[in-house]
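Asker: One structure follows; several queries about it will come next.
The values are calculated or read from the model by the stated rules, or taken from the named source; none is laboratory data. It should be emphasised that the depicted structure is a prediction, and the values quoted were computed from it without experimental measurement. With ideal geometry, Cβ positions are generated from the backbone for all residues, glycine too; neighbour counts draw on all protein chains shown.
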Amino acid sequence: MRRGIALLGAVSSGLAACQPLPAAQEPAPPPHHEVLAFAQAACGGCHAVEADAISPVAEAPEWPRIVNAQGLTRATLRSWLVDAHNYPEEMDFTLDPPQVDDLVDYMLTLRRSDYRPPSL
């Protein structure tokens, strides 16, 4: 009987070792507070990067205004951050693809069905 139990244990252990490994997972995106801290440092000098805030530079639209613009999609926002982010000169800096994705994800959290632009 003991030999049968030992054999069963060995077979079970062997089968467990044959199980496929979990698929490689994409790294989890950083928490919004990390992305917000980056946005405040990189973009907050000109843009309001949080809900219900006014941009420090009048010509720089608030991020909620940007993401609530009619017709804006994740793809168009991402494309703008990658391709057209060199005008005006103050915005001439490069974002790495993961930074772009993190910013897009964060910015889209600012969408609201009842959005109204802030009063100036």
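Asker: Looking only at the range 34-83, how many residues end up being polar (S, T, N, Q) and not in a helix (DSSP H, G or I)?
Answerer: 4
Asker: Tell me which residues, restricted to the range 28-65, are surrounded by fewer than 16 Cβ atoms within 10 Å (Cβ to Cβ) and either under 13 Å from LEU108 (Cβ atoms) or among the aromatic types (Phe, Trp, Tyr) (or both).
Answerer: PRO29, HIS32, ALA51, listed by residue number.
Asker: Okay, moving on. Of all residues being surrounded by 11 or more Cβ atoms within 10 Å (Cβ to Cβ) and over 21 Å from ALA51 (Cα atoms) in the range 66-85, which is modelled with the highest pLDDT? Just the residue, please.
Answerer: SER79
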